[in-house]
């Protein structure tokens, strides 16, 4: 492959001619965490000196747990393993590339048995090194050289021999700073999405129970069973042994794995029209409410969605085709907001795969305002959903942008100085 002018081919890939390549041992020193025998049961306490093991390194941040801490007396005995601001702490076990830079407020925390300290010299920026260590190339090199039959185990020799690219220190800092700005944006978006979700949850709690009424609405609500609000249908799976049911499929076919958002616009599989014609599956008109009633995840949450186009459903799903008494969007929000209550009342116990007892589901009751108020409440909650979805798309786009920036900046394809 031809290398463009100003760049060179190296054992870490194509990089600018003025960048160097070195073993990490030439640029940093290492300290493996203490042996497990150095820490005793009596040393552990709550909320004192955090011990940082791989499980505490999450998304390039150190996130301690209050129960994984030791006394100050024990920490002093292990002074050589205490962290300093600017150290890079990396997990030695499990997923490679899990690492973080120690902040000022983490001074004195303890490197755990499963971690290692990398202390950078003057020619290596800790923030730049953290980015390099988390790249696929570095992770692959570490995994290829690491030991451990059932779990990858990083040792000092492997890390010392890792070859890394070396721009000048100012360029390293500029690269780390640019990527840090993107991380700050990602963090802000993540926090904003969490806040919007909390606001939506509070709004659902108030608007779907009548605790808070929208302006202009009053009067009594009714309580209705779900089987009073429409026609229930169960799903079917056409035989996989008959290829004509699946070849050249044109009808989207919903399985439990498709119900990941409240509006279904596409599915993982499509079935052929002949399967519908022969009654081998159940077809739903648009704006039907889909409820997953059999899945391994039901104890965590109840997947509910509304299909926006004609779709078919498999045997793990029940669907309610709303009648004129209920706004379909209101019913979608009501079922979503009552997911925990439905699971508490309708989940069948003692089964290998978690499932909802269908007669109990049909008998579940919801408070129901008049149609005009249903429509108004549904509009408010749908707008909140749309805002959250837009923020989530922006978050995903920013994450993709960050990956592209890392590839460009850490290889020198794009220069900042």
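Bear in mind that the values in this text are calculations on the coordinates, not laboratory data. Quick caveat, the model's predicted, so the values are computed rather than measured. Note: ideal-geometry Cβ built from the backbone for every residue, glycine included; neighbour counts use all protein chains shown.
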Next on the checklist: What is the angle, in °, between the Cα long axis of helix 328-337 and the longest principal axis of the Cα atoms in the chain? Nearest 10 is fine, range 0 to 90.
Outcome noted: 50 degrees
Item to check | Measure of compaction for region 222-368 (Cα Rg per 2.2 N^0.38 Å) | outcome: 1.02
Checklist outcome for this item: Computed from the beta carbon distance with a Förster radius of 35 Å, FRET efficiency for residue 95 and residue 308 to the nearest 0.05 stands at 0.40
Next on the checklist: Just to be sure I understand: with springs between alpha-carbon atoms less than 10 Å apart, which residue in 306, 406, 240 has the highest mean-square fluctuation in the Gaussian network model of the chain?
Outcome noted: 240
Checklist outcome for this item: DSSP beta bridges in region 1-109: the antiparallel percent, rounded to 5, is 95 percent
Next on the checklist: Between 274, 15, 342, where does the largest GNM mean-square fluctuation fall for the chain, given springs only between Cα atoms within less than 10 Å?
Outcome noted: 274
Checklist outcome for this item: Most fluctuating of 337, 268, 210 in the GNM of the chain (C-alpha, under 10 Å) is 268
Checklist outcome for this item: Label model pair residue 371, residue 206: point-to-point distance (7 angstrom along the Cα→beta-carbon line) in nm is 2.8 nm
Checklist entry - R0 = 30 Å: FRET efficiency of residue 163 with residue 260, Cβ-based, nearest 0.05? => result 0.15
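What's the extension gain from residue 287 to residue 269 if we count 0.36 nm per residue and subtract their Cα-Cα distance? List each step's numbers first, then the result.
Values: separation 18, 0.36 × 18 = 6.48 nm, distance 1.95 nm.
Here the segment from residue 287 to residue 269 would lengthen by 4.5 nm.
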Next on the checklist: Out of all DSSP beta bridges in the chain, what portion is antiparallel? Express it as a percent rounded to 5.
Outcome noted: 90 percent
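Would you please give the FRET efficiency between residue 348 and residue 46, computed as 1/(1 + (r/R0)^6) with r the Cβ-Cβ distance and R0 = 35 Å, to the nearest 0.05? Each step should come with its number before you reach the end.
Details: r = 39 Å, r/R0 = 1.12.
Once the sixth-power term is evaluated, E becomes 0.35.
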Checklist entry - So what's the back-of-envelope 222 nm ellipticity for the chain, counting only DSSP H runs of four-plus at -39500 (n - 2.57) apiece and dividing by all residues, rounded to 500? => result -10500 deg cm²/dmol
Next on the checklist: Suppose each label sits 7 Å from its Cα in the direction of the beta carbon; what would the residue 221-residue 143 distance come out to in nanometres?
Outcome noted: 5.1 nm
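How high is the relative contact order of region 222-368, given as a whole-number percent (alpha carbon pairs under 8 Å, six or more residues apart)? Display every interim value, and only then the final one.
Values: 309 pairs, mean separation 47.1, N = 147.
Across region 222-368, relative contact order equals 32 percent.
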Checklist outcome for this item: A chain fully extended from residue 185 to residue 277 at 0.36 nm per residue, minus the present Cα-Cα distance, gains in nm 28.0 nm
